[in-house]
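The values are calculated or read from the model by the stated rules, or taken from the named source; none is laboratory data. All values reported here derive from a predicted model rather than from experimental measurement. Please note: Cβ atoms are built from the backbone with ideal geometry, for glycine as well, and neighbour counts cover all protein chains shown. Heads up: the accessible areas ignore ligands, DNA and RNA and are worked out on the full protein's heavy atoms, side chains in. Shrake-Rupley method; radii C 1.70, N 1.55, O 1.52, S 1.80 Å.
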Amino acid sequence: CIEGICVLVSVGDPAIDPLRLKILGLLYQQGGVVKRADIIDARAGGSAPSQHTYTKVLSDLCTSKGSLWTIKPAEPLTF
């Protein structure tokens, strides 16, 4: 859980999970808000993921506000 929002650590995709873990770590360390530059640095570490992977992870976890990415608010449960 990050700032009261629970998210999956892994989605079971070896192409997505490493970047997902890096971004979740940044969001956790920085209270749910990450600068674009920090995400670009995380993306560059190791073998850089494709643009598609980068976009998929960020759109799943975050919303963009200027030069910041913030963790998405929780979606209401529907029964």
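At-a-glance table
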quantity	calculated
Residue-count net charge about residue 17 - beta-carbon cut-off 12 Å; Lys, Arg +1, Asp, Glu -1	+1
In sequence order, calculated HN-Hα J values of region 9-17 (Karplus, 6.51, -1.76, 1.60; Hz; x Gly/Pro)	6, 10, 10, x, 10, x, 7, 9, 4
Chain lengthening between residue 28 and residue 50 when straightened (0.36 nm per residue, less Cα-Cα)	5.6 nm
Accessible area of the chain divided out per residue, in Å², using a probe of 1.4 angstrom	65 Å²
Share of carbon and sulfur in the accessible heavy-atom surface of region 6-79 [1.4 Å probe, %]	62 percent
Derived scalar couplings ³J(HN,Hα) [region 55-68; Karplus, 6.51 cos²θ - 1.76 cosθ + 1.60; whole Hz; x for Gly, Pro]	5, 4, 5, 5, 5, 6, 9, 10, 10, 9, 9, x, 9, 10
Computed over the chain: relative contact order in percent, which uses C-alpha pairs under 8 Å that are six or more apart	31 percent
